[in-house]
1. Treating only the Cβ atoms of Lys and Arg (+1) and Asp and Glu (-1) as charged, compute the dipole magnitude of segment 9-148 about its Cα centre; round to the nearest 20 debye.
2. For segment 9-74 and segment 109-146, what is the separation of their C-alpha centers, rounded to whole Å?
3. Where in segment 99-117 is the amide nitrogen less than 14 Å from a point lying 7 Å along the Cα-to-Cβ axis of D140?
4. Treating the angle as unsigned and between 0 and 90°, give the value, to the nearest 10°, between the Cα long axis of helix 105-115 and the longest Cα principal axis of the chain.
5. Roughly how tilted is helix 78-87, in degrees to the nearest 10 and between 0 and 90, from the longest Cα axis of the chain?
6. Per DSSP H run of n ≥ 4, the term is -39500 (n - 2.57); total these for the chain, divide by its residue number, and report the mean residue ellipticity at 222 nm rounded to 500 deg cm²/dmol.
7. Using DSSP, restrict attention to beta bridges with both residues in segment 9-148 and report what percent are antiparallel, rounded to the nearest 5.
8. If I compute Rg and Dmax of the Cα atoms in Å from the structure I just sent, which labelled value in [x] 18.1, 64; [y] 36.3, 119; [z] 24.0, 92 lines up?
Amino acid sequence: MNPLLSTAPPPPGTDIFERILAAPAGLILLEGCDSQALIGQFRAIVRHSGQAVYLWQPDLGLGNLVDAHARVPGSQRLGAALRYMQQSMHFGVYLLMGLEPPLSAMDSTLLRQLAKPPTGHVRRVVLLDASPALVDHLGDIAFRMKGRPDTAARPRLRDGRWLTA
């Protein structure tokens with residue numbers, strides 16, 4: 001094995017993807033990230049790892065992140081997509097984009113059920129670009145995660161002094 005290959009940094013987005021997989025809840029509210037860039041990063045990660053990652057958008061429905069033509073039939077409506085996620089018996093990360101309140105009572109119930117800590121296979125439902133109204137509507141059922149982990153201020157040398165701000 002080439003030692004230079006083992007020291008290469010992981011592809012962009014890997015840290016967020018791993019934090020999503022390690023989250024203690026099934027429903028994650030991802031805050032403070034560039035969703036379009038993140039989707040592109042996840043697409044690259046999935047191509048190499050073979051993970052099952054899907055993207056739901058209101059006008060397009062639920063589709064495989066790698067194969068844009070592989071769509072789940074009849075999943076344009078949120079309720080149908082959420083039922084598909086709930087009934088899936090396989091690993092899956094489901095990115096939801098463009099979700100706007102008000103949510104129907106059934107959609108809210110399905111999201112609450114998906115928010116419970118998963119048992120068995122890993123299933124994560126990740127809300128991207130959630131509006132403040134949706135965040136308020138969900139309350140504390142979604143696990144809130146920052147798109148970028150909090151990092152300590154890196155010291156830098158300026159005029160012979162170390163600064164952290």
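Each reported figure results from applying straightforward, stated rules to the coordinates on display, with no laboratory input. Model, not experiment: these values are computed from the prediction. Neighbour counts are summed over all protein chains in view; Cβ atoms, including those assigned to glycine, are modelled from backbone coordinates with ideal geometry.
1. On the way: 13 positive and 11 negative charges, 77 e Å.
For this selection, approximately 360 debye.
2. Each part's Cα centre sits 15 Å from the other's.
3. Within reach of a label on D140: no residues.
4. Here the helix axis deviates by roughly 40 degrees.
5. 80 degrees
6. On the way: 6 runs with 56 residues, N = 165.
The per-residue figure over the chain is -9500 deg cm²/dmol.
7. Values: 5 of 22 bridges.
Approximately 25 percent, going by the DSSP bridge assignments.
8. Given [x] 18.1, 64; [y] 36.3, 119; [z] 24.0, 92, the calculated one carries the label [x].
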